[in-house]
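The structure appears right after this line, and notes come after that.
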Amino acid sequence: MGRAEGGAESAKLLRAIDGLPARARGPVTALANRLDALSGIHRSASRAPSLAEFGERWDYNGDEDESGEEWEARLALGLPVEDEEGDGEEQQP
């Protein structure tokens, strides 16, 4: 399974979760939406006819990961997150 399919499947699974706390619904939906958007970018890049075109399509959104949305969703769910300094230290919400 490639990145495009993996991102789309992850988004589908996130949307299928029953019983999310109200405070987590928005952040989890935002993460699912971001994963769907990224899967479209990855799908488009995979069809590029050249390496240069691949690079242009891959960098289309300027921010190729879902880390901000993931961080917000994890916080809303009460899960640990890495600190904002990026040194690998985990923080508890």
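Amide H contacts of Glu82 (H built 1.01 Å from N, in plane; Pro and chain starts excluded): Gln91 sit under 5 Å, all sequence-distant by 5 or more or on other chains. The simple spin-label model puts a point 7 Å past each Cα toward its Cβ; for Phe54 and Ser67 those points are separated by 2.3 nm. Rounded to whole numbers, the Karplus 3J(HN,Hα) couplings from phi for the range 39-44 are 5, x, 5, 5, 4, 4 Hz, using 6.51 cos²θ - 1.76 cosθ + 1.60 with θ = phi - 60°, and x at Gly and Pro. Its Kirkwood hydrodynamic radius, worked out from the mean inverse distance over all distinct Cα pairs, puts the range 3-54 at 11.9 Å.
Rule-based calculations on the coordinates, nothing more; no lab input. Just so you know, these numbers come straight off a predicted model, no measurement behind them. As a convention, Cβ positions derive from the backbone with ideal geometry for all residues, glycine included, and neighbour counts pool all protein chains shown.
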